[in-house]
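Notes follow once the structure below has been shown.
The values are calculated or read from the model by the stated rules, or taken from the named source; none is laboratory data. Everything quoted here is computed from the prediction, not taken from an experiment. Cβ placement follows ideal geometry from the backbone for every residue including glycine, while neighbour counts extend to all protein chains displayed.
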Amino acid sequence: MSKYNYKTTLLDLNTIIPPDSIECNNSGFCVVEQLPDLPERGLEHLRGIMQEEGDREWELVQCHFHGGKLLCIWKREVKETFVS
């Protein structure tokens, strides 16, 4: 049976999506109008963060919006070493 390590990360959405790109209604439903096409912000920035974690063998389990941040849960399989 596989064993896993888990970790969480909090991403500040303001560094990824500028606040003026998001429109929310009174019920809390939000829409992102347009993401900037800059390497330090927007979709490319988010993709880079995800890629870096994947390169370190972390698998994204899920992400949720929480208090203005993106809470992400990751898992990585524990590779067991057998000594004989």
Inset, instruction - Looking only at segment 13-30, count how many residues are among the hydroxyl-bearing types (Ser, Thr, Tyr), surrounded by 11 or more Cβ atoms within 10 Å (Cβ to Cβ) and either in contact with a helix residue (DSSP H, G or I) (Cβ under 8 Å, 6 or more places away or on another chain) or modelled with pLDDT of 75 or more (or both). - result: 1
Legend entry - Breaking point among (1) surrounded by 10 or more Cβ atoms within 10 Å (Cβ to Cβ); (2) of a type outside the set (Lys, Arg); (3) modelled with pLDDT of 80 or more, for Met1: (1)
Legend entry - Qualifying residues in segment 31-63 (those that are at pLDDT 85 or above and assigned to a strand (DSSP E or B)) - the one surrounded by the fewest Cβ atoms within 10 Å (Cβ to Cβ): Gln62
